[in-house]
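Structure first, then comments.
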Amino acid sequence: MSQSPDSTAEVPQPSDDSSVEAAAPTAVRDAPKGSLWRDGNFLTMWSGQALAQVGSQVTELAIPVLAVLLLHATEFEVGLLNAAGVAAFLVVGLPAGAWIDRMRKRRVMIWADAVRAAALAALPLLWWAGVLEMWHLYAVALVVGVATVFFDVSYQSIIPSLVRPSQIAEANGKLEATRELANIGGPAIGGWLIGIITAPFAILATVGTYLASFIALLLTRDHEQPRAADDHEPILREIGEGLRWVLGNPLLRRIVGTTGISNFFSTLSFTLLPIFLLRELGLTPAAMGVIFSLGSIGGLAGAAATPHIVRWIGEGRAIPVSAIGFGVVACFLPLAATFPAVAFPLLVAQMFVGSFTVLLYNITQVTFRQRITPPRLLGRMNASVRFCVWGVMPIAALLAGVLGTWIGVVPTMWIGAVGQLLAALCVVIGPFWTMRELPDAEH
């Protein structure tokens, strides 16, 4: 599916501070110097994540196809299914960040992979038994969503415990490139698998990749230093500390505003996208996968181009420029219904430019917020941002189902497109245009 603002991996700035290097755990200091291609520990974790990223793309295509074509889901049921998948960011997103700041993040990721694999494996079994119903999809989506919250927040904070501080940017660059390659190949693989073995059994491919990630994480060594017990405060106070950190910074407030509003309205559109493509336009699952794959090339291009664009126009200006970009191209989706003869190129262009500009936006703003956040607050900062910008998505998904039933799929997508365009105002009207460089952490 298409990229959402804040869906990218953390991409921190490289550090040349020798004191930071000296303060790293001994095991990290003993890690291989130079390129991470020589670090077997990192490569083990990376290989597992590469497979899991491809698998998740297969399921993101297979489950909507299963719902729309095999279970004949209505617009409201598709909205409910999408809401179930992201409800965890609203319900447990904030406490998850505080809990994860107290836990070993690799262990959290191991358990999350096991839960996701087990939950998804139930779907082909239920289909094979002839008893699969929509409520089963809702239940699995909820379970996988909760596990994903814990996995993602941990994933965004684990790299400093795996590699040297000077290698963090390289590590995250490799992980982000892998994510975009998975976005390119995963939907096409998913479309091919659905055509060969049907959607329910294509999900088994994702189960296998999550198990591969589980094994890779078991074999990975981390050197995380858990927070001391006397550094723990009541959970509500720790949650509040994370929220105050995010909302107390005026630049972060504007970024969260744009991201949250954009995600709300993009969810209106993308919740109904499977119905729009498969029913309204009459495309096949394979064609749907090709559109997502071609569009995701824009994300890979965006990840590669971001450093050059930031050097050209400045870090601060890159944020409003990218927000305008993904707001404008959002209108291409409903336009495809108006001009069905050119629907395919319009959809590919929307996915490509949207992914490119979202990656530019995400890499720039995530780098900024990680750079200014103290390490002890990283988990809560990430969880607080995700709560604000992804917590709106289950609400929007339910609303999409209601609006799709009431006024139709295409009018709902127009509302989503206009809303995404207006979302850019939070960063367009503000100080970003005058700031070539965003501020660093205060010392």
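In the chain, Cα pairs under 8 Å separated by at least six residues give a relative contact order of 30 percent.
Fully extending the segment from residue 237 to residue 433, taken as 0.36 nm per residue of separation minus the present Cα-Cα distance, adds 67.0 nm.
Taking the highest mean first, how do the peptides 248-255, 394-401, 139-146 order by number of other beta carbon atoms within 10 angstrom per residue?
On the way: 248-255: 17.6, 394-401: 22.8, 139-146: 20.9.
Ranking the peptides 248-255, 394-401, 139-146 by packing returns 394-401, 139-146, 248-255.
Across the range 38-50, rounded Karplus estimates of 3J(HN,Hα) from the backbone phi angles (6.51 cos²θ - 1.76 cosθ + 1.60, θ = phi - 60°) give 9, 9, x, 5, 5, 4, 5, 4, 4, 4, x, 5, 4 Hz, Gly and Pro being marked x. Under a Gaussian network description of the chain, with springs only between Cα atoms under 10 Å, the residue in 328, 353, 342 that fluctuates furthest is 342. Only protein heavy atoms count here; under a 1.4 Å probe, residue 308 has an accessible surface of about 110 Å².
With both labels modelled 7 Å from their Cα along Cα-to-Cβ, the residue 279 to residue 104 distance reads 4.9 nm.
Could you please put 440, 152 in sequence from largest to smallest accessible area, using a 1.4 Å probe?
Details: 440 100, 152 35 Å².
Result of the area sort, largest leading: 440, 152.
The alpha carbon radius of gyration of the range 36-99, expressed as a multiple of 2.2 N^0.38 Å, is 1.61.
Relative contact order for the range 41-156: 37 percent, from Cα pairs under 8 Å spaced at least 6 residues apart, divided by residue count. For the set 335, 181, solvent exposure ranked by accessible area (probe 1.4 Å, protein chains only) runs largest to smallest as 181, 335.
If you wrap the range 370-443 in the convex hull of its Cα atoms and look at it from every side, the mean projected area works out to 6.8 nm². Under 5 Å between amide hydrogens, built in the peptide plane, is the criterion, and for residue 438 it picks out 315, 316 among residues at least 5 positions away or on other chains. Dipole of the range 55-187 computed with +1 at Lys/Arg Cβ and -1 at Asp/Glu Cβ about the Cα centre; of 165, 148, 138, farthest Cα towards the positive end is 165.
The string of couplings for the range 347-364 from the Karplus curve (6.51, -1.76, 1.60, θ = phi - 60°) is 5, 5, 4, 4, 5, 5, 5, x, 5, 4, 6, 5, 5, 4, 5, 5, 4, 5 Hz, one whole number per residue in order, with x for Gly and Pro.
When its C-alpha radius of gyration is set against 2.2 N^0.38 Å (N residues), the range 167-290 gives a value of 1.52.
A P(r) calculated from all alpha carbon pairs of the chain, with 20 Å bins opening at zero, reads 26, 60, 13, 0 percent.
For labels at residue 122 and residue 135 in the simple 7 Å Cα→Cβ model, what's the distance in nm? Placing both labels 7 Å along Cα→Cβ, they lie 1.2 nm apart. The angle between the Cα long axis of helix 168-197 and the longest principal axis of the Cα atoms of the chain comes to about 20 degrees, rounded to the nearest 10.
In this Cβ point-charge picture (+1 for Lys and Arg, -1 for Asp and Glu), the chain has a dipole of about 200 debye about its Cα centre. The apolar share of the surface of the chain, taken as the fraction of accessible area on carbon and sulfur atoms (1.4 Å probe, ligands and nucleic acids excluded), comes to 70 percent. Projected onto its three principal axes, the C-alpha set of the range 315-443 covers 56, 29, 24 Å, listed from the longest axis down. In terms of the mean number of neighbouring beta-carbon atoms within 10 Å, the peptides 126-138, 94-106 order highest first as 94-106, 126-138. Annotation: extensible slack from residue 76 through residue 407 equals 118.0 nm (criterion: 0.36 nm per residue apart, minus Cα-Cα distance). Restricted to Cα atoms, the range 283-362 shows a radius of gyration and a Dmax of 13.7, 42 angstrom. When the charge dipole of the chain is built from unit charges on Cβ atoms (+1 for Lys and Arg, -1 for Asp and Glu) and taken about the Cα centre, the candidate among 302, 399, 314 whose Cα reaches farthest toward its positive end is 314. Which ³J(HN,Hα) values in Hz, rounded to whole numbers, follow from the phi angles of the range 71-80 under the Karplus curve 6.51 cos²θ - 1.76 cosθ + 1.60, where θ = phi - 60° and Gly and Pro get x? Working through the residues one at a time gives 9, 6, 5, 7, 4, 5, 5, 5, x, 5 Hz. Heavy-atom accessible surface of residue 241, to the nearest 10 Å², is about 50 Å², with a 1.4 Å probe and all protein chains retained.
Computing FRET efficiency as 1/(1 + (r/R0)^6) for residue 341 and residue 91, where r is the C-beta to C-beta distance and R0 is 41 Å, gives about 0.40. Residues of the range 348-370 with amide nitrogen under 18 Å from the 7 Å Cα-to-Cβ point of residue 305? Taking a point 7 Å out along Cα→Cβ of residue 305, the residues of the range 348-370 whose backbone N falls under 18 Å are 348-365.
The values are calculated or read from the model by the stated rules, or taken from the named source; none is laboratory data. Fair warning: this is a prediction, and the values are worked out from it, not measured in the lab. Neighbour counts run over all protein chains shown; Cβ positions are idealised from the backbone, glycine included. These accessible areas exclude ligands, DNA and RNA; they are computed on the full protein's heavy atoms, side chains included. Shrake-Rupley method; radii C 1.70, N 1.55, O 1.52, S 1.80 Å.
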